[in-house]
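Each remark here refers to the structure printed beneath this line.
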Amino acid sequence: MLKNYFKIAVRNLIRHKVFSTINILGLAIGMASAMLILLWIQNEVSYDQFHEKKDRIYNAWNRASFSGELQCWGTTPKVLARTMEKDFPEVEQATRVNWPSSDLFSVGDKRLTVSGNIVDSNFLQIFTFPLIKGDPKSVLHDMHSIVLTETLAEKLFGNEDPMGKIIRLDNEDNFTVTGILKDLPNNTRFKFEYLLPWSYLRSAGGDDTNWGNNSTSTYVLLKPNASLSSINDKMKVLKPRYDKEESKWEMFLYPISRWRLYSSFENGIEDNNGRIQFVRLFGIIAAFILLIACINFMNLSTARSEKRAKEVGIRKVVGAQKSSLIGQFIGESILMAFLAAVIAVVIVVLILPAFNQLIGEKVTVAYGDLNVWLAVFGFIIITGLLAGSYPAFFLSSFQPVAVLKGTFRKGNALVTPRKVLVVLQFTFAIVLIICTMIVKQQIDFAKDRQTGYNKNNLVYHFLTGDIGKNFELIRTELKSSGIATSITKTSSPLTESWSDGWGQEWEGKDPNDKTDFFRYSQEGGLGVTAGLQFVNGRDFDLKQFPTDSTAMIINETALKVMKFKDPIGKIVKDNGVDWHIVGVIKDFILTSPYEPTRPMLITGAKSEWFNLMLIKLNNQHSTGDNLKKAEAIFKKYNPEYPFEYKFVDEEYAKKFEAENRIGVLAGVFAGLTIFISCLGLFGLATYMAENRIKEIGVRKVLGASVSGITALLSKDFLKLVVISFVLAAPVAWWAMDNWLQDYSYRVQIQWWVFVLAGMLSILIAVITVSYQAIKAATANPVKSLRSE
Amino acid sequence: MIKITDLEKIYRTEDIETVALNKLSFEVKEGEFVAIMGPSGCGKSTLLNILGLLDDPDGGSFVFNNEEIAHYSESKRAQIRKRNIGFVFQSFNLIDELTVFENVELPLIYLNMKASERKEKVEEVLKKMQVMHRRNHYPQQLSGGQQQRVAVARAVVNNPKLILADEPTGNLDSSNGNEVMQLLTDLNEQGTTIIMVTHSEHDARYSHRIIRLLDGQMVLENSLI
Ligand SMILES: Nc1ncnc2c1ncn2[C@@H]1O[C@H](COP(=O)(O)OP(=O)(O)OP(=O)(O)O)[C@@H](O)[C@H]1O
Ligand SMILES: [Mg+2]
């Protein structure tokens, strides 16, 4: 019986090549999209799930109230780890991980800047990062030991055995390689290339027992069967016990399973706004695309029902039960789904690199994993069932009497569900088109926003190695050789806020005012270097005004907060210094281009907090030339460190990456949905043209024009697209209105976007349908009439 | 074998009601060869479809093999049909995507017969119908007479007790038609009950008995033996 079904199915496939192709291709594209999304979801869900002790690993978090709102964050005091091991019998081990740092590695003549973590020596006993060489229990015992990843070891030592080799870090200390780690998988929150022992940090004076210094991640391994809730009860009151000043400050343990997807908090509780939101959203999109592909399949299959009706009738007459016919048709669609899946897998393999680039992840397929193939198999069955169910029930319910007598006609009952399906597809496609357009508008809107400074030809370099010491020499030489026109030492890049705070004092301040100000420092000349616009006063100039080391420049928003009539000369107390205001600048965008600019204080040399030099290159020469010459100067004054500059405009562009990604993804999915829907529409139009061939012939004989007939044939489909548009517009409006709420600096949703999207979809539908319509309309009526 | 009493079939469309069978009663014994005749539209095909359990009556009783089956469900009817009844149609009704062999094999597949057994039976009946040399052809590659012989082969391959034929010679020339009539007669002589609708007095003469219908009612019954 199965063999017989299979034979019929294959022969049907081959006989109706165009439809088989459309059907399988549509399904394959839908499947490929869904597979890609599922791979991504799988990747997200698998984050840090490979640790053998994952069920017992937790991260310590703080929960404390600031200006009335509970904040949660995952960095804790350095003393916490040992305290927990001592105080809580449930804790097996605790390990600290310091902020990732970048260090200069020197081996012989080789210089590399590498990033890694300083960790407690038990780190590798808690987390499963397998060592190729070395013993996890002892690799980090010696304070001058270092553990490298395989890749880094190869970069540093080539094919030589790295164990026991010496590496010089930051031109200060020598470390001996004691272990080699397998490279970290992509799906972990850790990104280190090397590990250093905590004992080194302690000897360098970087350790402290201050309960107020929340700067370290603390990971806790609980004993098997330890109760999380009872330990969390104790965590609540742990900090007040040691830190008398913070009586309400709570801590809690946060499980590994929730780190990646759920760690977003609002007022002290998980707010479901973490990455899980994207996982859900894309899960829904995957389901929808697959559904649309399945709808296509149903549509085309039922459209062909007249051709299959006779077969159904005969089978019933010779004894087929309805159930066996359902089985046959579902089997057929599973066969198609199988073929589609084969194509889909090929598409996925080909497209995965581009997809990874698009989403900025490293999603991989574990070809060797049986589960992957089981999943593909399950996918085929589910898609086959989904796509085949409606046609199967539909076809198998034909009455043999009607079919065989030839009185069988498609009738209205058949048309309606098919129309519903087309409308559903187009609704989804139009929603995506509108969303793509609005996301694009929002990005352009933010991109067009004036940054408030001139980012052209502006580069920066961190004050690595001897640069701080030789700053004046470097500056003079850069200027005198015509490479740069202006150079300024600042606290942080122009595109990032590294410090902010409240509690400043000034004359006439409202005592309840808790405005948070961005802090920024410069030694002078930032106005010229960055092209800032002063609305009042002047830039710092230490040569002319030695007291400018305690001078301050504020932005217009800060002026509004401080409400000075005449700001120049006014005193602002911050961090224990009395700063006097010498200038007011126009607002510029320091952080997010989607948010209003925040009040900002720029302080002078007294801040003693400088991390980089901002360089305005001379635009008389090419940037390449400038940088080449600059490199020579940096090498001269800072020989041990590589010349690693960054362009301010490139850093600024990164602020749009997330939105760009959403935009491109929405666009890609819109394109795919449209494509799949059009395949379906094309198929339907072809059948329509075939079915009405006699009607068309008669009309032509009676004098109808080609254009009249084309219009007649296209009209039905266009109606459907119009209905889809009516359904899609409010859905898209609602979705986009919601999305835009996240941005305080946002576009208005404009009506013409909807009109454009509507016209676009109609145009696409017209092109799709009219090919068949014109072909039918221009056919010779003599031929078509004879076809009866 | 078949006993119908006051059988009714009424087709209802929006505004017209067509009484296709009007309280029809008769009986057919096992081993009989009955011809049904009458003008176009008098209800012959309707009757045959009901007798073949493809359609249900709107009223009356239908006893098949001592079982009242007038109101059986579709799946129950399918069960009885596939074991007992073979059909031959005017327009052959072969599946275009299947070969001659596969078309004839179909009823056996639905009876869950083993492949080897199927092959034997199909070949036997194809030989008998003289289309064995065409076993791997598709229906469209055959002449009308050949197609109808394949259709008869399919109808008899599972040795049904009853064969229903709706104008089996309607699409055939007279020599092909006679051949098919001879096949049916042979089958009847081997014990198969046959009910045949026909417009041809010539064909009707192959039967034992002619039932004449007019407007869904029996008007005459002549026995030819
Ligand atoms: N599906 C239907 N809907 C409505 N009326 C029908 C339907 N099928 C048949 N009829 C009507 O029932 C009556 C009997 O039809 P039937 O097909 O049984 O005639 P017939 O005797 O087989 O005619 P012919 O010799 O032309 O094949 C006719 O009047 C026909 O119009
Ligand atoms: Mg008839």
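Computed values, structure above
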| quantity | calculated |
| --- | --- |
| Which listed residue, of B:Val122, B:Val63, is in a strand (DSSP E or B), at pLDDT 90 or above and over 17 Å from the mean Cα position of the chain (by Cα) | B:Val63 |
| Lone qualifier among A:Gly205, A:Gly179 - being in a loop (DSSP other than H, G, I, E, B) and not hydrophobic (A, V, I, L, M, F, W, C) | A:Gly205 |
| Scan of region A:82-129 for residues that are assigned to a loop (DSSP other than H, G, I, E, B) and in contact with a Leu (Cβ under 7 Å, 6 or more places away or on another chain), ordered by number | A:Glu90, A:Asn98, A:Ser121, A:Phe129 |
| Region A:38-97, residues that are outside the structural domain of A:Gln125 (by TED's automatic domain parsing) and of a type in the set (Gly, Ala, Ser) | A:Ser46 |
| Only listed residue being touching a residue at least 12 places away in the same chain (Cβ under 8 Å), touching a Pro at 6+ places or on another chain (Cβ under 7 Å) and not hydroxyl-bearing (Ser, Thr, Tyr), chosen from A:Val584, A:Val664, A:Val577, A:Val668 | A:Val584 |
| B:Asn178 being in contact with a strand residue (DSSP E or B) (Cβ under 8 Å, 6 or more places away or on another chain), more than 10 Å from every other protein chain (Cβ to nearest Cβ), modelled with pLDDT of 90 or more and more than 16 Å from ligand 2 (Cβ to nearest atom) | no |
| Tally of residues being more than 28 Å from B:Gly191 (Cβ to Cβ), more than 8 Å from ligand 1 (Cβ to nearest atom) and more than 14 Å from chain A (Cβ to nearest Cβ) across region B:1-15 | 4 |
| Which listed residue, of B:Arg118, B:Arg154, B:Arg135, is in contact with a Pro (Cβ under 9 Å, 6 or more places away or on another chain) and of a type in the set (Lys, Arg) | B:Arg154 |
| Residue, nearest to B:Ala153 (Cα to Cα), within region B:173-222, restricted to residues that are surrounded by 16 or more Cβ atoms within 10 Å (Cβ to Cβ), in contact with an Asp or Glu (Cβ under 9 Å, 6 or more places away or on another chain) and among the small types (Gly, Ala, Ser) | B:Gly177 |
| Complete set of residues in region A:198-237 that are farther than 21 Å from A:Gly74 by Cα and in contact with a Ser or Thr (Cβ under 9 Å, 6 or more places away or on another chain) | A:Ser199, A:Tyr200 |
| Contacts under 9 angstrom Cβ, first residue in region B:186-212 being in contact (Cβ under 8 Å) with a residue 12 or more places away in the chain and part of a loop (DSSP other than H, G, I, E, B), partner acidic (Asp, Glu) and within 13 Å of ligand 1 (Cβ to nearest atom), 6 or more apart | B:Thr198/B:Asp166; B:Thr198/B:Glu167; B:His199/B:Glu167; B:Ser200/B:Glu167 |
| Subset of region B:33-51 [within 11 Å of ligand 2 (Cβ to nearest atom) and either in contact with an Asp or Glu (Cβ under 7 Å, 6 or more places away or on another chain) or part of a helix (DSSP H, G or I) (or both)] | B:Cys42, B:Lys44, B:Ser45, B:Thr46, B:Leu47, B:Leu48, B:Asn49 |
| Any hit, region A:203-212, residues being surrounded by fewer than 16 Cβ atoms within 10 Å (Cβ to Cβ), assigned by TED's automatic domain parsing to the domain that holds A:Ser102, over 30 Å from A:Leu112 (Cα atoms) and touching a helix residue (DSSP H, G or I) at 6+ places or on another chain (Cβ under 8 Å) | no |
| Selected residue [surrounded by fewer than 19 Cβ atoms within 10 Å (Cβ to Cβ) and among the aliphatic types (A, V, I, L, M)] from A:Ile256, A:Ile269 | A:Ile269 |
| Hey, A:Thr591 of a type in the set (Val, Ile, Thr), within 33 Å of the chain's Cα centre (by Cα) and closer than 30 Å to A:Tyr743 by Cα or not | yes |
| Among residues of region A:541-581, those that are under 30 Å from A:Phe647 (Cβ atoms) and within 41 Å of the chain's Cα centre (by Cα), counted | 7 |
| Which listed residue is touching a strand residue (DSSP E or B) at 6+ places or on another chain (Cβ under 9 Å), among the charged types (D, E, K, R) and away from ligand 1 (no atom under 16 Å from the Cβ), from B:Glu32, B:Glu105 | B:Glu32 |
| Which listed residue is modelled with pLDDT of 90 or more, surrounded by 14 or more Cβ atoms within 10 Å (Cβ to Cβ) and over 42 Å from the mean Cα position of the chain (by Cα), from A:Gly537, A:Gly531, A:Gly525 | A:Gly537 |
| Per-region count, region A:435-458, residues farther than 17 Å from A:Leu756 by Cα, assigned to a helix (DSSP H, G or I) and touching a Gly at 6+ places or on another chain (Cβ under 9 Å) | 1 |
| Residue list for region A:58-81, restricted to those being free of Cβ contacts under 8 Å to residues at least 40 places away in the same chain and not in a strand (DSSP E or B) | A:Gly68 |
| Only one of B:Arg77, B:Arg154, B:Arg149, B:Arg81 that is within 12 Å of chain A (Cβ to nearest Cβ), farther than 19 Å from B:Thr46 by Cα and either assigned to a helix (DSSP H, G or I) or polar (S, T, N, Q) (or both) | B:Arg154 |
| In region A:11-20, the residues that are more than 8 Å from chain B (Cβ to nearest Cβ) and either surrounded by 14 or more Cβ atoms within 10 Å (Cβ to Cβ) or of a type in the set (Lys, Arg) (or both) | A:Leu13, A:His16, A:Lys17, A:Phe19, A:Ser20 |
| Any hit, region A:346-366, residues being within 26 Å of A:Val423 (Cα to Cα) and within 34 Å of the chain's Cα centre (by Cα) | no |
| Residues of region A:650-700 satisfying the condition of being of a type in the set (Phe, Trp, Tyr) and within 30 Å of A:Phe278 (Cα to Cα) | A:Tyr652, A:Phe656, A:Phe669, A:Phe675 |
| All positions within region B:56-101 that are within 16 Å of ligand 2 (Cβ to nearest atom) and among the β-branched types (Val, Ile, Thr) | B:Val88 |
| Region B:28-47 residues that are of a type in the set (S, T, N, Q), paired with ones that are within 11 Å of ligand 2 (Cβ to nearest atom) and not in a strand (DSSP E or B) (beta carbon under 7 Å, 6 or more apart) | B:Ser45/A:Lys405 |
| Segments classed as helices (runs of 4 or more DSSP H), wholly inside region A:299-413, with at least 2 members that are within 16 Å of ligand 1 (Cβ to nearest atom) | A:305-317, A:400-405 |
| Count of residues meeting criterion [among the aliphatic types (A, V, I, L, M), more than 16 Å from ligand 2 (Cβ to nearest atom), in a strand (DSSP E or B) and within 25 Å of B:Leu224 (Cβ to Cβ)] in region B:1-32 | 4 |
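The values are calculated or read from the model by the stated rules, or taken from the named source; none is laboratory data. Just so we're clear, the structure is a prediction, and the values are computed from it rather than from any experiment. Positions of Cβ are generated from backbone atoms using ideal geometry, with glycine treated the same way; all protein chains shown enter the neighbour counts.
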